[in-house]
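The values are calculated or read from the model by the stated rules, or taken from the named source; none is laboratory data. This is a predicted model, so every value here is computed, not measured. Methodologically, a virtual Cβ is constructed for each residue, glycine included, from the backbone with ideal geometry; neighbour enumeration extends over all protein chains shown. Each accessible area value is taken on the protein alone, full model and side chains, heavy atoms only, with ligands, DNA and RNA left out. Shrake-Rupley method; radii C 1.70, N 1.55, O 1.52, S 1.80 Å.
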Amino acid sequence: AAMVQKYQSPVRVYKHPFELIMAAYERRFPTCPLIPMFVASDTVNEYKSEDEAIHVIERRCKLDIDAPRLLKKIAGVDYVYFVQKNSLNRRERTLHIEAYNETFSNRVIINEHCSYTVHPDNEDWTCFEQSASLDIKSFFGFESTVEKIAMKQYTSNIKKGKEIIEYYLKQLEEEGITFVPRWTPPVTCKSESSTSHTRRPVSPAINIPESATKEGLNNKEILNTSSSPSEPTAGTPDDKLDADYIKRYLGDLTPMQESCLIRLRQWLQETHKGKIPKDEHILRFLRARDFNIDKAREILCQSLTWRKQHQVDYILDTWNPPQVLQDYYAGGWHHHDKDGRPLYVLRLGQMDTKGLVRALGEEALLRYVLSINEEGLRRCEENTKVFGRPISSWTCLVDLEGLNMRHLWRPGVKALLRIIEVVEANYPETLGRLLILRAPRVFPVLWTLVSPFIDDNTRKKFLIYAGNDYQGPGGLLDYIDKEIIPDFLGGECMCEVPEGGLVPKSLYRTAEELENEDIKLWTETIYQSASVFKGAPHEVLIQIVDASSVITWDFDVCKGDIVFNIFHSKRAPQPPKKDSLGAHSITSPGGNNVQLIDKVWQLGRDYSMVESPLICKEGESVQGSHVTRWPGFYILQWKFHNMPACATTNLPRVDDVLASLQVSSHKCKVMYYTEVIGSEDFRGSMTSLESSHSGFSQLSAATTSSSQSHSSSMISR
């Protein structure tokens with residue numbers, strides 16, 4: 001099966017006017033010594049408008065691809081021909097380049113689009129962007145070899161592109177050319193030029209950029225077909241990453257890595273409007289999956305849903321750790337290491353893990369570790385600004401002095417493993433280095449228990465010192481400045497980290513007390529979760545008394561594709577059969593599946609559909625509202641989405657076939673939140689809003705604070 005490879009570049013900014021960049025660009029033709037494989041080019045077609053504003057030129061380019069002799073022999077060609085069409089618009093100050101392969105066009109499809117445009121914020125700068133796709137249908141059984149060669153050639157040429165322009169700019173400068181005037185309309189027969197009647201008689205140099213930016217915007221909207229025209233913001237270049245920003249804040253990425261980041265980010269902007277993670281965080285997920293965009297997207301979506309479910313975005317502002325933690329949890333942030341990474345110090349040996357688990361329960365402990373990780377992300381961002389280079393991970397120093405058999409208490413180890421698992425899943429690539437100091441004799445036992453749960457990439461970053469080895473050569477001083485080595489390790493720096501110690505037994509709580517606490521912690525989330533099965537939708541009843549109320553919903557599709565419906569019925573549905581399975585499993589929510597619509601009810605007679613069905617794909621966030629026209633019972637329904645059997649093509653798509661093979665694909669998961677608002681409180685328009693695929697609703701953000709109204713509007717089941 002052929003895989004389509006895609007590439008999307010960041011925006012590259014040249015701090016030179018468009019006209020000068022064009023003069024440099026033109027020097028690449030007919031041949032360019034800097035691109036050895038570009039052997040020759042002939043002009044096939046050319047068009048110039050009368051006023052010379054438009055210049056379209058089509059060239060046939062001859063390339064000598066660096067491929068193994070054998071492959072060339074099998075393919076029976078020495079050269080590969082490409083057609084390149086350049087459309088220059090001097091009035092608009094744009095150059096669009098389209099290129100495709102002529103050789104083997106029935107076996108391999110290569111398309112490339114490049115553009116040079118004026119920088120939106122500075123008309124004396126020029127932006128360059130390029131995107132491409134490669135689709136290898138068949139190649140004498142050498143498909144993967146050809147793909148590798150093509151990708152290698154392509155990425156090495158991307159890097160060259162900038163050097164070539166800079167080389168010719170320098171050449172122009174040496175020849176004394178540092179300025180190329182802008183195009184101006186010809187001034188021949190002024191009276192007849194009816195086209196320019198809108199222009200005021202001002203010198204054209206001032207006029208042109210103004211109209212160029214106006215028309216430029218329209219072009220942006222036309223180009224940006226992916227989002228609806230009502231959202232002009234989607235096309236603005238503020239949303240795009242430029243190459244300099246990537247280097248400064250995210251680090252040195254290869255062209256393909258940049259492309260993965262840009263494409264994943266674009267996908268998130270389209271599906272998770274309004275709440276997409278920071279670029280450096282998206283990049284962590286890509287790194288964790290070796291830049292496999294599909295795998296990275298999967299774990300990132302799971303993590304975003306998890307963050308929403310447990311309100312992790314608000315943990316630093318809203319959650320106060322219990323006093324027990326503040327007193328007995330022997331860990332804290334302490335300056336930074338030699339690489340500028342934030343440094344976290346944990347005196348694990350001094351910590352009574354059993355006591356903490358007994359006094360707090362696993363959930364509170366997990367929450368605390370999450371708040372530490374959130375703080376870590378914040379500190380990385382801060383340090384990136386302070387040190388002037390990208391810092392995306394922290395260093396952890398774990399002192400095991402005092403570790404003993406108490407630390408091997410089974411529930412404690414289990415809690416530790418669960419915490420490690422949650423952190424690994426949601427904060428990938430955040431641990432830059434782990435220094436384990438003063439490892440005692442029981443340590444290897446603990447290590448064999450824990451290490452299988454730790455990602456290989458992460459494990460490579462561990463340094464373990466027994467006894468006082470950390471003071472010797474290759475020790476702590478290689479990683480941490482002398483001035484900040486903590487006092488308890490023989491350094492001079494006062495370290496604010498609590499000393500730990502045994503948690504008094506009087507603070508221990510019974511299993512029941514802890515369970516109630518846990519339930520409170522997890523249900524603080526306003527979202528409910530539900531499972532949807534083939535043939536078993538999940539339905540929620542909302543009773544409306546006041547005819548013009550507004551039902552609002554906000555849900556995430558965590559797994560599978562679903563259809564969302566809203567129905568109205570005059571009579572109350574049967575009370576749902578209580579699902580014994582999912583009643584108590586709070587921590588593994590997913591048992592929730594309720595049907596309210598009676599099997600004997602007929603659509604149109606017993607109940608009616610009040611909004612058209614909405615198909616929602618896995619990973620999407622959907623939000624919307626419905627203004628009720630009648631009192632009575634409304635039913636929100638999330639239903640399994642059956643793939644239409646090959647609606648568009650006669651052949652099934654590969655992923656459809658794969659999906660139908662997976663047994664688990666018959667289960668979907670949804671996290672949802674609904675609320676009823678009186679029409680006078682609803683600040684939106686009174687027309688029924690279409691469900692918009694977007695982020696956190698301002699509504700739910702604005703209303704969750706008033707908990708009374710919230711609880712009264714949730715219909716008790």
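Surface analysis of the range 316-504 yields an accessible area of 46 Å² per residue, using protein heavy atoms and a 1.4 Å probe. Highest mean first, the peptides 118-126, 279-287 sorted by other C-beta atoms within 10 Å per residue fall in the order 279-287, 118-126.
Farthest toward the positive end of the dipole of the range 100-141, out of GLY141, CYS114, PHE104, is the Cα of GLY141, where the dipole comes from beta carbon charges about the Cα centre. Between ALA40 and PHE387, the C-beta separation translates, for a Förster distance of 56 Å, into a calculated FRET efficiency of about 0.70.
When only Cα pairs below 8 angstrom with a gap of at least 6 residues are kept, the range 316-504 shows a relative contact order of 29 percent. Of the peptides 90-97, 136-143, the order by per-residue mean of other Cβ atoms within 10 Å, starting with the highest, comes out as 90-97, 136-143. Using a probe radius of 1.4 angstrom, the carbon and sulfur fraction of the accessible surface of the range 3-173 is 51%.
Just the protein heavy atoms count here, and of the accessible area of the range 241-309 at 1.4 Å, carbon and sulfur take up 46 percent. Remark: the range 241-309 carries 43 Å² of accessible area per residue (probe radius 1.4 Å; ligands, DNA and RNA excluded). Potential lengthening of the chain between TRP267 and ASN157 amounts to 37.0 nm, from the contour at 0.36 nm per residue minus the alpha-carbon distance. Using only side-chain charges placed at the Cβ, +1 for Lys and Arg and -1 for Asp and Glu, the dipole size of the range 442-559 relative to its Cα centre rounds to 520 debye. With each label modelled as a point 7 angstrom along the Cα→C-beta vector, the SER612-VAL324 pair spans 5.6 nm. A Förster radius of 45 Å, combined with the Cβ-Cβ distance separating ARG60 from ARG248, puts the computed FRET efficiency at roughly 0.65. Highest mean first, the peptides 668-675, 73-80, 435-442 sorted by other C-beta atoms within 10 Å per residue fall in the order 668-675, 435-442, 73-80. Within straight-line reach of LYS461, meaning a Cα separation under 22 Å, sit the following lysines at least 8 residues removed in sequence or on another chain: LYS338, LYS482.
Straight-line cross-link partners of LYS148 among the aspartates and glutamates, defined as a Cα under 19 Å from its Cα and at least 8 positions apart when in the same chain: ASP64, ASP66, ASP78, GLU112, ASP135, GLU258, ASP290. Surface exposure of the range 3-173, expressed per residue as accessible area with a 1.4 Å probe, stands at 52 Å².
Volume per residue for the range 3-173 equals 117 cubic angstrom (convex hull of Cα atoms). State which entries of LYS6/LYS85; LYS48/LYS159; LYS72/LYS170; LYS570/LYS639; LYS460/LYS505 exceed 30 angstrom in Cα-Cα distance in the structure shown. Pairs exceeding 30 Å: LYS48/LYS159; LYS72/LYS170; LYS460/LYS505. Ligands, DNA and RNA left out, the 1.4 Å accessible surface of the range 316-504 is 52% carbon and sulfur atoms.
If a spin label sat at a point 7 angstrom from the Cα of SER87 along the line to its beta carbon, the backbone N atoms of the range 35-53 nearer than 18 Å would be those of 44-53.
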